[in-house]
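Got a structure for you, questions after.
All of the numbers you see were taken from the coordinates with simple rules; none came from a lab. Just so you know, these numbers come straight off a predicted model, no measurement behind them.
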Amino acid sequence: SVQTSPSTVCRGQTGLSVTLLVRNTGEAGAGIGSAGLTFTAGGTDVGSDYTVTAGSKPTSIAGGTTATFSYTVAVGGAATLGAVGVDGTVSGTDANSGAALSDGAADLADGWTVQRAAALVIVNVQTSPVTVSRGQTGVAVAMQVRNPGEAAASIGSAGLTFTAGGTDVGSDYSVTAGSNPTAVAGGTTATFSYTVAVAGSATLGAAALDGTVSGSDANSGTALTDGGADLADTWTVQTPAHLRRFRS
């Protein structure tokens, strides 16, 4: 048999483990000449899409026993997408007679689906009010994050940033996250919601609202990040209104 650990992999992914189990059903020992993996997509050989590094590689198999051949596989950055069959070949000789032995396919092969790697892109940061007051609470802000890849993206952290004249003024705001997503499926957009409170001494004038997000590709574990939205938002911070009664 051929056995692979993941059922989905990404272009560019490395360190994938594949094992090939070879049994000698006879009594005489079998000397191993070569053993390896094959990869096909829709019946077409796509072996050039993969780099295979052999690990344990027995040189012989005693009669009536099974040996394990291990491999580490790297997926090419332009590997064929979709379903790929992973199979194996082995050849050798009978230790007694020298007769040639070979098997070109496993009784039980395996496979995986190749996907485009995940990515995290902040599409926009949106807020309803164009003006807010010092001391104001309950201001809603939403951030939309898209994963343009096929693999899912696991979310590690996501949040808002605030700047005024290019200076970080994040300390002027208290941000409470809603029940935000922990993952973004491939090809979808997720909304992250926040409730913001403006400090009583917040910097007056225009403030830019932007976002950050980080996570990892659910298949490969590769780190993902985006430090700014394609379309950010702004508001203007004002002193709160105050009504004072004057005597006539």
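Determine the percent antiparallel among the DSSP beta bridges restricted to the chain, to the nearest 5.
Details: 82 of 89 bridges.
Roughly 90 percent of the beta bridges in the chain run antiparallel, per DSSP.
Please express the shape of the range 1-120 as an equivalent ellipsoid: the semi-axes are the square roots of 5 times the eigenvalues of the C-alpha gyration tensor, given largest first in whole angstrom. Intermediate results must be reported in sequence, preceding the final value.
Working: eigenvalues 189, 31, 25 Å².
Square roots of five times the eigenvalues give 31, 13, 11 Å.
Here's something else I'd like to know. Out of every Cα pair in the chain, what percent are spaced more than 24 Å from each other? Present the calculation step by step, with values, prior to reporting the outcome.
Numbers: 18876 of 30628 pairs.
Result: 62 percent of Cα pairs exceed 24 Å.
What is the distance in Å between the Cα centres of the range 134-168 and the range 63-105?
Comparing the Cα centres of the range 134-168 and the range 63-105, I get a distance of 49 Å.
In whole Å, what three semi-axes, largest first, describe the equivalent ellipsoid of the range 1-56 built from its Cα gyration tensor (square root of 5 times each eigenvalue)?
On the way: eigenvalues 135, 35, 26 Å².
For the range 1-56, the semi-axes come out at 26, 13, 11 Å.
Treating only the Cα positions of the range 99-194 as identical point scatterers, give the base-10 log of I(q)/I(0) from the Debye formula at each q in 0.11, 0.12, 0.16 Å⁻¹.
Ignoring solvent entirely, the Cα scatterers give -0.49, -0.55, -0.80.
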